[in-house]
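Student: Handing you this structure, nothing more for now.
A short reminder: the numbers here are calculations on the coordinates, not readings from a lab. What you are looking at is a predicted structure, and each value in this text was computed from that prediction instead of being measured. For neighbour counting, all protein chains shown are included, and Cβ atoms are generated from backbone atoms with ideal geometry for every residue, glycine included.
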Amino acid sequence: MPVHIGGKPESDFGNPIGLLGDCHRRIENFLNVLHRVAHEARGAALTAARRDAFDRALTYFRTGAPRHTEDEDDSLFPRLREIDAGREALEQMERLRQDHQQAAILEARVQELGSRWLASGTLSREDAGALCDTLDRMQALYREHIELEDSRLFPLADRVLPARAKAEIGREMAERRGVAR
């Protein structure tokens with residue numbers, strides 16, 4: 001079943017490479033929400049609308065983003081290694097795997113500070129600054145990471161992976177989300 005954001009129908013599990021790209025749009029969207037709210041409010045009490053948006057974005061990074069990382073690390077990358085997609089692809093995948101580790105550290109800090117903000121209603125100046133700094137770093141990391149995947153690795157995967165491998169990736173992605181296929 002396709003997921004829809006805005007008016008554009010997204011890919012489904014039958015097109016896992018397209019679905020990975022669609023996940024990037026969600027990451028960008030939710031990261032922009034976190035970044036905007038943190039920078040505009042600077043730890044002050046949140047309006048109901050900002051609080052709801054911030055909470056939804058935190059929830060995405062707690063639940064959806066880890067599945068996306070597993071989709072890449074546990075499903076896509078191993079299959080590209082199996083078919084020997086080339087030295088450049090191997091180097092890219094290693095860099096991307098390291099990015100995933102760094103992103104997890106940054107995301108944990110955002111979860112800690114963001115949850116504290118939601119629970120207490122405000123953040124100290126120091127914590128608000130730390131949240132903004134961490135989100136700045138997260139945004140820079142994801143910008144480069146997503147650019148590499150969208151422009152180089154995903155098109156390569158779409159070209160070189162056999163249909164059987166793509167079907168397996170799609171099935172694994174669906175299973176991670178509890179979707180029957």
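Student: Using only alpha-carbon positions, what ratio does the radius of gyration of the stretch 33-115 give when scaled by 2.2 N^0.38 Å?
Tutor: It is 1.42.
Student: Sticking with this one: Please express the shape of the chain as an equivalent ellipsoid: the semi-axes are the square roots of 5 times the eigenvalues of the C-alpha gyration tensor, given largest first in whole angstrom.
Tutor: Each semi-axis is √(5λ); the values are 33, 18, 12 Å.
Student: Compute, for the chain, the length of the dipole vector about the Cα centre, with Cβ point charges of +1 (Lys, Arg) and -1 (Asp, Glu) only. Units Debye, rounded to 20.
Tutor: 480
Student: Which whole-angstrom value gives the distance between the alpha carbon centres of the stretch 156-181 and the stretch 12-58?
Tutor: What the calculation gives is 25 Å, centre to centre.
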